[in-house]
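The values are calculated or read from the model by the stated rules, or taken from the named source; none is laboratory data. Being a predicted model, the structure only gives us computed values, none of them experimental. Cβ coordinates were reconstructed from backbone atoms using ideal geometry, including for glycine residues, and neighbour counts include every protein chain displayed.
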Amino acid sequence: MNTLLDSPGIRDTPENEMTPSPETDLKTEWLGHFAQAICSSEGMTRLNIPPREPILGDWFRQGDLGFIFGLRGLGKTWLGLYIARQCVEGGQVAGWKVHKPRRVLYVDGEMPLDEIRERDLALSSRPAEGMFYLQHEALFHLTGQVLNLKFSTVQAALLAYCLRERVEILFLDNLSCLFSGIKENDANDWEMVLPWLLEMRRNRIAVVFIAHAGRNGFMRGTSRREDAAFWMMQLTETKDAGEIQNEAKFVARFVKNRNSTEAECPALEWRFFKSKDETKAHVSCKKLSTHQLFRQWIEDGLTGATEIAEEMGISKGQVSKLASRGIREGWLQKAGRDYALTGQP
């Protein structure tokens with residue numbers, strides 16, 4: 001009796017003669033990749049892969065993902081542009097050495113063209129061929145295109161440009177303007193950006209985001225953004241802070257730093273000033289003492305000894321001594337287990 005296998009055109013094909021599926025081919029290919037890349041602990045020491053070079057001091061290195069964040073109008077762009085300019089010119093930032101001049105692309109998605117052009121001139125100490133700008137107004141007027149890095153095609157084009165022009169540092173100012181349509185608090189939406197950032201890292205291109213802080217002083221949006229960051233710099237107000245005309249004054253401190261220590265990266269008080277009759281800006285910064293930093297944390301809303309000790313990296317006993325000094329000076333008072341400002345200067 002005829003069976004299905006006896007029907008014309010159908011035969012019993014041995015398993016080893018079956019055509020491999022695309023999935024099987026891909027698995028075999030990846031097994032080969034793993035065989036090349038997986039090594040013992042001893043073999044790891046012999047891997048001939050160049051280490052990431054330092055860019056600025058020890059805290060900023062090739063391929064880093066970094067964030068500079070703070071309240072609106074505090075001076076984030078001043079600081080971002082200043083760091084970018086110094087990295088191009090081979091100068092220094094607050095005593096941190098720029099190890100060698102780098103090629104930088106600064107992408108601006110918020111500022112008026114005239115203002116960004118004025119600040120670039122104000123912060124430049126000499127002509128530098130390695131400083132480039134992608135400015136949203138200029139892009140629209142020259143091409144009719146609106147800059148939105150939410151889209152993978154735009155991301156891929158920017159990566160291709162950086163590779164072609166040998167750009168080593170990419171500044172993105174700012175996160176909310178340049179990635180329109182991505183929900184800030186949605187971790188899944190960040191997956192539209194993270195693979196692109198990881199591709200930048202694999203190509204040793206450092207990416208620095210300028211971002212807004214919420215009312216609590218912390219960076220707006222999902223904490224998922226912070227996972228891949230090597231460093232995060234928070235800008236907060238000083239008592240006489242603000243950005244009035246051409247002046248900005250703020251305190252900058254690291255709230256995350258994988259590359260360096262707190263001793264090497266202290267809190268700094270920055271001031272940027274440019275009078276109307278001058279072209280160049282005056283830039284200054286000074287280190288904050290432990291006592292000044294303690295007061296800054298109190299002014300930022302931290303009130304408990306435990307949380308202050310954790311943020312400052314000191315013991316609760318040291319916090320108690322700093323608080324006693326503040327109480328003697330009249331600007332601090334004890335409120336139960338917490339501390340509070342008295343309202344006195």
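No other residue among G63, G109, G80 is modelled with pLDDT of 95 or more, in contact with a helix residue (DSSP H, G or I) (Cβ under 9 Å, 6 or more places away or on another chain) and either surrounded by fewer than 23 Cβ atoms within 10 Å (Cβ to Cβ) or among the hydrophobic types (A, V, I, L, M, F, W, C) (or both) apart from G63. The condition (being under 26 Å from P112 (Cβ atoms), modelled with pLDDT of 95 or more and surrounded by fewer than 15 Cβ atoms within 10 Å (Cβ to Cβ)) is satisfied by just one residue among A157, A138: A157. Taken as a whole, segment 271-279 holds at least one residue that is touching a residue at least 60 places away in the same chain (Cβ under 8 Å), touching a strand residue (DSSP E or B) at 6+ places or on another chain (Cβ under 8 Å) and over 30 Å from L65 (Cβ atoms). Checking L172, L198, L235 one by one, the residue that is outside any loop (DSSP other than H, G, I, E, B), at pLDDT 95 or above, within 16 Å of the chain's Cα centre (by Cα) and crowded, with 21+ Cβ neighbours inside 10 Å is L172 and no other. Total residues in segment 112-121 satisfying the condition of being in contact with a helix residue (DSSP H, G or I) (Cβ under 9 Å, 6 or more places away or on another chain) and closer than 18 Å to Q86 by Cβ: the figure is 3.
In segment 295-314, the residues that are polar (S, T, N, Q) reach residues that are part of a loop (DSSP other than H, G, I, E, B) with C-beta atoms within less than 9 angstrom, at least six apart or across chains, in these pairs: Q296/T238; Q296/A267; Q296/L288; T303/R337. Of all the numbered requirements in (1) over 17 Å from G70 (Cα atoms); (2) in the same structural domain as L175 (by TED's automatic domain parsing), G304 misses one, and that requirement is (2). Out of curiosity, is G90 in the same structural domain as A211 (by TED's automatic domain parsing), over 27 Å from L139 (Cα atoms), modelled with pLDDT under 95 and out of contact with any strand residue (DSSP E or B) (no Cβ under 6 Å at 6 or more places or on another chain)? Judged against the criteria, G90 is not a match.
Please specify each residue of segment 315-345 satisfying the condition of being touching a Ser or Thr at 6+ places or on another chain (Cβ under 6 Å) and touching a residue at least 12 places away in the same chain (Cβ under 8 Å).
W331, D338, Y339
Here the condition is being under 25 Å from L159 (Cα atoms) and modelled with pLDDT under 95; of R85, R117, R103, it holds for R117 alone.
L147 satisfies every condition listed in (1) surrounded by fewer than 20 Cβ atoms within 10 Å (Cβ to Cβ); (2) farther than 22 Å from A229 by Cβ except (1). Being modelled with pLDDT under 95, surrounded by 13 or more Cβ atoms within 10 Å (Cβ to Cβ) and over 23 Å from M232 (Cα atoms) is a description that applies to A128.
Just so you know, in segment 139-153 the residues that are in a helix (DSSP H, G or I) and closer than 21 Å to R164 by Cα include one that is farthest from the chain's Cα centre (by Cα), and it is T143. Kindly evaluate W270 against the criterion of being hydrophobic (A, V, I, L, M, F, W, C), touching a helix residue (DSSP H, G or I) at 6+ places or on another chain (Cβ under 7 Å), modelled with pLDDT under 85 and within 20 Å of L235 (Cβ to Cβ). No, not satisfied.
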